[in-house]
Amino acid sequence: MATLKEKIGYGFGDMSSSMFWKIFSYYLPFFYSNIFGLSLADAGMLMLITRIWDAVSDPMMGVIADRTHTRWGKYRPYLLWMAAPFAVAGILLFTTPDMGPTGKLIWAYVTYILMMTVYTGINVPYGAMLGVMTDDSNTKTVFSSYRMFFAYGGSFIALGAWEPLCNWFGSMEYSPTASWQYAMIVIACFCLVGFLLCFSMTREHVKSAASKSVGKDMKSLVRNTPWWILNGAALLSNSFNTVRGATAAYFFKDYISANAFLDFGVFNLALYAGLFLMVGEVCNMIGVALAVPFSMRLGKKSTYMVSLVCLVVFSVAFFFIPNNTVGWWLMMLFQIIISIFTGIISPLVWSMYADVADYAEQKDGTASTGLIFSSGSMAQKFGGALAGWAVMALLAVFDYNTAGDAVQTPEALDGLKYLMSFIPAAIAALSILMLFIYPLNKRRMEAINADLKLKRKG
């Protein structure tokens, strides 16, 4: 029986991952183009090219983790071993060296690849732990909901603190590059502690054995139709979030007035990207809380698809919001609604990867949990990378000017609106098409879980 301590402990792991990941997804493009000094083309190409390594490193880490045997279990020890390298790599990523353009570009490639490699080393085993903490599909959704609730809590803290931290260090007369580095040092310390807490508070309860043949595991994976479909849907879901999030810093800097305020009567609240994203994280947490009751009633697949339909509708409507006092309130309202539905989707994705692992074990008799969950990490990073590259490429197409005091053209401003509305709506629509053919519905998983319980007892 899973304890509350373990659920909370499991949540601390993704709190740490998400504090880094959301800053990478939402602020790293802006950092590279407006602080570090890369061109939009170089920054976008960096995010795309480095994903080639992930296509190798993520499955490799899954195979290694599946075959790890320690007194702490298969996957859990990596939380301890990789926590410090994870924090250090994040700091290096936001460090601007005193080099020429070529040297800085090389530094950016090396540190970005290093960060994504370390992220793989800790996040693939962390995700795979879900498959060995319980053998019940519904309980996996509960664990996944705790995971995502804490993840969005961590994101809320990181996104809310990021700009104030950068501004605070800036007020101490540090340069913008130093301010961003010091802000990351603060966040990295929290991430280190979170992973250590996750390690100490969790346990692996389900004993599973990977096949001795890596080739057999890979063959099983290639023939796993639900795995292919879920990868596509997960990649698109991450792309949806990253396109909107990575655009927000540009959108609020150049499209929304610098004097934009939300009037609460007794006080005014400045409207800026950090506030917009923070509200989104809080509402993601509400969505996570709704994911369990909705999926219990409708099933994971149906809940996922209904949420995507709502994302399409409200994303399209976002384009038509006026840039005035009333419109600013509407933007926040739409951000609340969109974020609730993305919050519902997040725990379902990881719980569905656990279902895919159970499907593979029942079908082929091999527990390649780490290998399957590595694809979840890969889909997350590929989705983020493709979306980050797309944002940069489209900004260049729309003639966006990265100079600090630039006045953007009407075409560039329209481009920012498209990136916050029609483009993410199209991504969500593609995800609906992918999920339509996903075969592991509620009834199918009940039969698979029942069969596996009998096999594991035998």
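The values are calculated or read from the model by the stated rules, or taken from the named source; none is laboratory data. From a predicted model like this one, the values you see are computed outputs, not experimental measurements. All Cβ positions, glycine included, derive from the backbone under ideal geometry; neighbour counts span all protein chains shown. Accessible surface areas use protein heavy atoms only, side chains included; no ligands, DNA or RNA. Shrake-Rupley method; radii C 1.70, N 1.55, O 1.52, S 1.80 Å.
Debye sum, Cα scatterers, region 340-458, no solvent: what log₁₀ I/I(0) at q = 0.10, 0.15, 0.17 1/Å?
-0.50, -0.83, -0.97
Quick one: check the C-alpha center-to-center distance for region 287-302 versus region 248-268, whole angstrom.
34
Taking the solvent-accessible surface of protein heavy atoms with a 1.4 Å probe, what is the per residue accessible area of region 1-60 in Å²? Please list the in-between numbers first.
Working: 1940 Å² over 60 residues.
With all protein chains present, region 1-60 gives 32 Å² per residue.
Have a look at region 251-299 and give its Rg and Dmax from the Cα atoms, expressed in angstrom.
Spelled out, the Cα radius of gyration and Dmax of region 251-299 are 16.1, 45 Å.
Heavy-atom accessible area of V88 with all protein chains present, probe 1.4 Å, nearest 10 Å²?
Per-residue accessible area (V88): approximately 80 Å².
Note down the nm distance, to one decimal, between modelled labels 7 Å out along Cα→Cβ at I286 and at N323.
Output for this residue pair reads 2.8 nm.
How large, in percent, is the carbon and sulfur part of the accessible surface of region 39-135 at a probe radius of 1.4 Å? Don't jump to the answer; show the numbers that get you there.
Values: 2640 of 3550 Å².
Its accessible area is 75 percent carbon and sulfur atoms.
Before rounding to the nearest 500, sum -39500 (n - 2.57) across all DSSP H runs of length at least 4 in the chain and divide by the residue total; then give [θ] at 222 nm in deg cm²/dmol. All intermediate terms of the calculation are to be shown ahead of the outcome.
Details: 18 runs with 357 residues, N = 458.
Helices in the chain give a 222 nm mean residue ellipticity of -27000 deg cm²/dmol.
Using Cα positions and a limit of under 13 Å, work out the aspartates and glutamates in reach of K300, with same-chain residues fewer than 8 apart set aside.
D355, E446
Within the set of other residues whose C-beta is less than 13 Å from the C-beta of K417, count the net charge using Lys and Arg as +1 and Asp and Glu as -1.
Numbers: positive: R244; negative: D254, E411, D414.
The answer is -2.
Please state the relative contact order of region 237-279 as a whole percent: Cα pairs under 8 Å, 6+ residues apart? Can you show the working numbers first?
Details: 23 pairs, mean separation 14.4, N = 43.
Computed over region 237-279, the figure is 34 percent.
How big is D, in µm² s⁻¹, for region 68-158 by Stokes-Einstein at 25 °C and 0.890 mPa s if Rh is the Kirkwood radius over C-alpha pairs?
Working: Rh = 15.4 Å.
Answer, rounded: 159 µm²/s.
Any chance you could check the Cα centroid distance between region 92-147 and region 337-367 for me, in angstrom?
About 19 Å separates the Cα centre of region 92-147 from the one of region 337-367.
Label 7 Å along Cα→Cβ of W168; region 90-111 residues with amide nitrogen under 17 Å?
The answer is none.
Across the chain, where is the longest run that never hits trypsin sites (Lys or Arg not before Pro) in a DSSP loop with at most 13 other C-beta atoms within 10 Å?
On the way: sites that count: R71, K207, K212, R223.
The segment 224-458 is the longest one with no such site.
Report D for region 280-399 in µm² per second (integer): Stokes-Einstein, Kirkwood Rh on Cα pairs, 10 °C, 1.306 mPa s. Show your work: numbers first, answer last.
Numbers: Rh = 16.6 Å.
In µm²/s, the coefficient rounds to 96.
Under the rule of at least 5 residues apart or a separate chain, name every residue whose amide H is placed under 5 Å from the amide H of F261.
Under 5 Å from the amide H of F261: L271.
In debye, nearest 20, what is the charge dipole magnitude of the chain about its Cα centre with +1 on Lys and Arg Cβ and -1 on Asp and Glu Cβ, if you could check?
Values: 32 positive and 26 negative charges, 421 e Å.
Its charge dipole is roughly 2020 debye.
Where only protein heavy atoms count, and the probe is 1.4 Å, what is the accessible area per residue for region 244-346 in Å²?
Working: 4120 Å² over 103 residues.
Here the residues of region 244-346 average 40 Å² of exposed surface.
For Cα pairs less than 8 Å apart in space and 6+ apart in sequence, what is the mean separation divided by the residue count of the chain, i.e. the relative contact order in percent? Provide the component values of the computation, followed by the final result.
Details: 727 pairs, mean separation 129.0, N = 458.
The value is 28 percent.
Once you charge only the Cβ atoms, +1 for Lys and Arg and -1 for Asp and Glu, what is the size of the charge dipole of region 82-206 about its Cα centre, to the nearest 20 debye? Walk me through the numbers before you get to the answer.
Details: 4 positive and 6 negative charges, 24 e Å.
Approximately 120 debye in magnitude.
If contacts are Cα pairs under 8 angstrom and at least 6 residues apart, what is the relative contact order of region 1-153 in percent? Write down the numbers at each step before the final one.
On the way: 122 pairs, mean separation 67.8, N = 153.
Relative contact order here is 44 percent.
Can you give the net charge of the other residues whose Cβ lies under 14 Å from the Cβ of Y304, counting K and R as +1 and D and E as -1? Don't jump to the answer; show the numbers that get you there.
Details: positive: R297, K300, K301, K442; negative: D355.
Residues near Y304 contribute +3 overall.
For every other residue with a beta carbon closer than 14 angstrom to the beta carbon of A151, add +1 if it is Lys or Arg and -1 if Asp or Glu, then tell me the sum.
Numbers: positive: K7, K22, R147; negative: D14, E281.
Neighbourhood net charge equals +1.
Which value in Å is the Kirkwood Rh of the chain over different Cα pairs?
Values: mean 1/r = 0.0448 Å⁻¹.
Over the chain, the inverse of the mean reciprocal pair distance is 22.3 Å.
With a 1.4 Å probe and every protein chain left in place, work out the accessible area per residue of region 362-458 in Å², rounded to a whole number. Walk me through the numbers on the way to the answer.
Details: 4370 Å² over 97 residues.
On a per-residue basis, 45 Å².
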